[in-house]
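The values are calculated or read from the model by the stated rules, or taken from the named source; none is laboratory data. Note that this is a predicted model, so its numbers are computed, not measured. Cβ coordinates were reconstructed from backbone atoms using ideal geometry, including for glycine residues, and neighbour counts include every protein chain displayed.
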Amino acid sequence: MTSANLVIDAIHEALTHVQDPELHRSLPELGMIESVEFTGGVATLKVLLTISGCPMQDRLRSDVTAAVLAVEGVKELQLSFGFMSEEQRNNVKKILRNGREKFIPFAQPDSTTRVIGIASGKGGVGKSSLTVNLAVAAAQKGLRVGILDADVYGHSIPRLMGLMGQRPTAIDQMFIPLEAFGVKTVSMEMFKPERSDPVAYRGPLLHRVLEQLLSDAYWGDLDVLFIDLPPGTGDLAISLGQLIPGSEIIVVTTPQIAAAEVAERAGRIAHQIKQQMIGVIENMSDFPCPHCSESISLFGTGGGEATAARLSQLLGAEVPLLGKVPFNSELRTGGDNGVPVVLAQPQSPAAQAILGIVDQLVVRKRSLVGVPLGFAQ
Ligand SMILES: Nc1ncnc2c1ncn2[C@@H]1O[C@H](COP(=O)(O)OP(=O)(O)OP(=O)(O)O)[C@@H](O)[C@H]1O
Ligand SMILES: [Mg+2]
């Protein structure tokens, strides 16, 4: 073998350690290295990008340059970029799906991802706020976490995660979830042509939208996926149960007894479609008066206990009250500013209550014997 060939081999080897910054796979594995030549100390390299206008081009340039110039004998690098053909892109998508055609990874029998829908009967009880805080807290504990905003009409997750106005990178139909605070995030909001456009889908189409958001996103390996469901006992919770049979539900209620009754109805639907009920979270619970520390019950009391008791009776098995998250104005301002309260004010009673709930989720195992549990530590 000539010495030039040895250097070319060494360059190929060096490139196996360079990853696509978004896809987290090596460039040769993804078929991104079109050609490598070497003469007189000069390496000439052509890298194929999955899409034109790839936002990661600068990062790739510096990573590839550093790797190639570190190879012994290479004094100079001439690096150019091209774009993949449709066939090459299809191949990338196939690699990312582990050789399978388009599918929902979490619906596969060998999936180790725990899928948790956050549901409520009434609107405005804090589902979305709790979803982001539970997810960010779980990510802080070292879990690989995703959020799917299934509230297609009232999507509020991008704002709560500080992701407003950002668009995911897409390879044709497949797209890479946006990431904030270590959480991979997908929302219909990210695909609307005009942000102010109302999204108007009817039931069957909503099912397809949910299916598409689940299967077109390149989620990678997740320990847990939180799904922020729209309010009500509606279609989408049923769709979730159909699309991901192993998915589980957490019911959110306020302390108000009237809210508990509606929450119970949401729980009934989940039970009918045989979704496992993890428990109940009471939100906007009592909080200490900032002046005299006396406990203030803005939204009544007892809703959490009542919901948990009724659902336990209905299911014939204990549905625990996982925690009570006190009313806390920081939780709202954190949402407005795009920084969840578990990060902005980790010592606040609301954040502490949320962290306590995540601890219970982490140790709580699925009942499926023999399924590897990525979620349990
Ligand atoms: N514990 C809390 N303390 C104070 N404010 C809260 C709390 N939880 C939620 N909020 C506020 O209540 C409002 C409704 O919360 P959120 O949007 O999370 O509810 P939701 O159940 O997702 O609503 P929707 O049904 O419209 O999707 C928001 O302004 C949020 O900041
Ligand atoms: Mg919401």
When residue 79 is run through (1) at pLDDT below 90; (2) touching a Lys or Arg at 6+ places or on another chain (Cβ under 7 Å), the failure sits at (1)
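If you scan segment 37-48, which residues turn out to be of a type in the set (A, V, I, L, M) and surrounded by 17 or more Cβ atoms within 10 Å (Cβ to Cβ)?
43, 45, 47, 48
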Is there any pair with a first residue in segment 127-156 that is closer than 16 Å to residue 354 by Cα and a second that is charged (D, E, K, R) and away from ligand 1 (no atom under 12 Å from the Cβ) whose Cβ atoms are under 7 Å apart and which are 6 or more apart or on different chains, and what are they?
-> 143/223; 145/223
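Hey, does segment 80-93 have a residue that's surrounded by 12 or more Cβ atoms within 10 Å (Cβ to Cβ) and touching a Phe, Trp or Tyr at 6+ places or on another chain (Cβ under 7 Å)?
no
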Members of segment 11-35 found to be crowded, with 19+ Cβ neighbours inside 10 Å and over 29 Å from residue 179 (Cβ atoms), listed by number = 11
Would you mention how many residues in segment 129-148 are within 13 Å of ligand 1 (Cβ to nearest atom) and either modelled with pLDDT under 95 or over 13 Å from the mean Cα position of the chain (by Cα) (or both)?
-> 2
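Report yes if residue 160 is touching a Gly at 6+ places or on another chain (Cβ under 8 Å), within 16 Å of ligand 1 (Cβ to nearest atom) and in the same structural domain as residue 280 (by TED's automatic domain parsing), otherwise no. Talk me through it step by step, then tell me what you get.
Values: touching a Gly at 6+ places or on another chain (Cβ under 8 Å): yes; within 16 Å of ligand 1 (Cβ to nearest atom): yes; in the same structural domain as residue 280 (by TED's automatic domain parsing): yes.
Yes, satisfied.
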Scan segment 2-13 and report the pairs whose first residue is β-branched (Val, Ile, Thr) and whose second residue is part of a helix (DSSP H, G or I), with Cβ atoms within less than 6 Å and a gap of 6+ or a chain change.
-> 11/68
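Would you check which residues across segment 269-313 are among the basic types (Lys, Arg) and buried (at least 17 other Cβ atoms within 10 Å of the Cβ) and list them?
Going residue by residue through segment 269-313, those that are among the basic types (Lys, Arg) are 274, 310.
Of everything in segment 269-313, just one residue is among the basic types (Lys, Arg) and buried (at least 17 other Cβ atoms within 10 Å of the Cβ), namely 310.
Just to be sure before I move on: is residue 139 buried (at least 21 other Cβ atoms within 10 Å of the Cβ), in contact with a Ser or Thr (Cβ under 9 Å, 6 or more places away or on another chain), outside any loop (DSSP other than H, G, I, E, B) and of a type in the set (Gly, Ala, Ser) in the structure I sent?
Values: buried (at least 21 other Cβ atoms within 10 Å of the Cβ): yes; in contact with a Ser or Thr (Cβ under 9 Å, 6 or more places away or on another chain): no; outside any loop (DSSP other than H, G, I, E, B): yes; of a type in the set (Gly, Ala, Ser): yes.
Judged against the criteria, residue 139 is not a match.
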Answer yes or no: is there a residue in segment 103-116 that is under 21 Å from the mean Cα position of the chain (by Cα), farther than 30 Å from residue 359 by Cβ and of a type outside the set (A, V, I, L, M).
-> yes
If you scan segment 86-107, which residues turn out to be in contact with an Asp or Glu (Cβ under 8 Å, 6 or more places away or on another chain) and in a loop (DSSP other than H, G, I, E, B)?
-> 102, 104
Hey, residue 254 of a type in the set (Ser, Thr, Tyr), assigned by TED's automatic domain parsing to the domain that holds residue 136, at pLDDT below 90 and within 16 Å of ligand 2 (Cβ to nearest atom) or not = yes
Does segment 331-343 contain any residue that is at positive phi and in contact with a strand residue (DSSP E or B) (Cβ under 9 Å, 6 or more places away or on another chain)?
-> yes
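Out of segment 43-85, which residues are part of a loop (DSSP other than H, G, I, E, B) and either over 36 Å from the mean Cα position of the chain (by Cα) or under 14 Å from residue 30 (Cα atoms) (or both)?
Taking segment 43-85 as the starting set, the residues that turn out to be part of a loop (DSSP other than H, G, I, E, B) are 50-56, 70-75, 84-85.
Across segment 43-85, the qualifying residues are 50, 51, 70, 71, 72, 73, 74, 75, 84, 85.
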So residue 162 fits all but one of (1) farther than 20 Å from residue 328 by Cα; (2) away from ligand 2 (no atom under 16 Å from the Cβ); what number is the exception?
-> (1)
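Against the condition within 16 Å of ligand 1 (Cβ to nearest atom), surrounded by fewer than 20 Cβ atoms within 10 Å (Cβ to Cβ) and modelled with pLDDT under 90, how does residue 99 come out, does it pass?
On the way: within 16 Å of ligand 1 (Cβ to nearest atom): no; surrounded by fewer than 20 Cβ atoms within 10 Å (Cβ to Cβ): yes; modelled with pLDDT under 90: yes.
Spelling it out, it is not the case that residue 99 is within 16 Å of ligand 1 (Cβ to nearest atom), surrounded by fewer than 20 Cβ atoms within 10 Å (Cβ to Cβ) and modelled with pLDDT under 90.
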Return yes when residue 152 is in a helix (DSSP H, G or I), within 12 Å of ligand 2 (Cβ to nearest atom) and closer than 25 Å to residue 231 by Cβ and no when it is not.
-> no
Picked from segment 110-128 (must be of a type outside the set (Gly, Ala, Ser), more than 9 Å from ligand 2 (Cβ to nearest atom) and closer than 28 Å to residue 97 by Cβ), the residue modelled with the lowest pLDDT is 110
Please identify the pairs in which a residue from segment 178-189 that is in contact (Cβ under 8 Å) with a residue 60 or more places away in the chain has its Cβ atom under 8 Å from the Cβ atom of a residue that is in a helix (DSSP H, G or I) and crowded, with 21+ Cβ neighbours inside 10 Å, counting only partners at least 6 apart or on another chain.
-> 181/136; 181/139
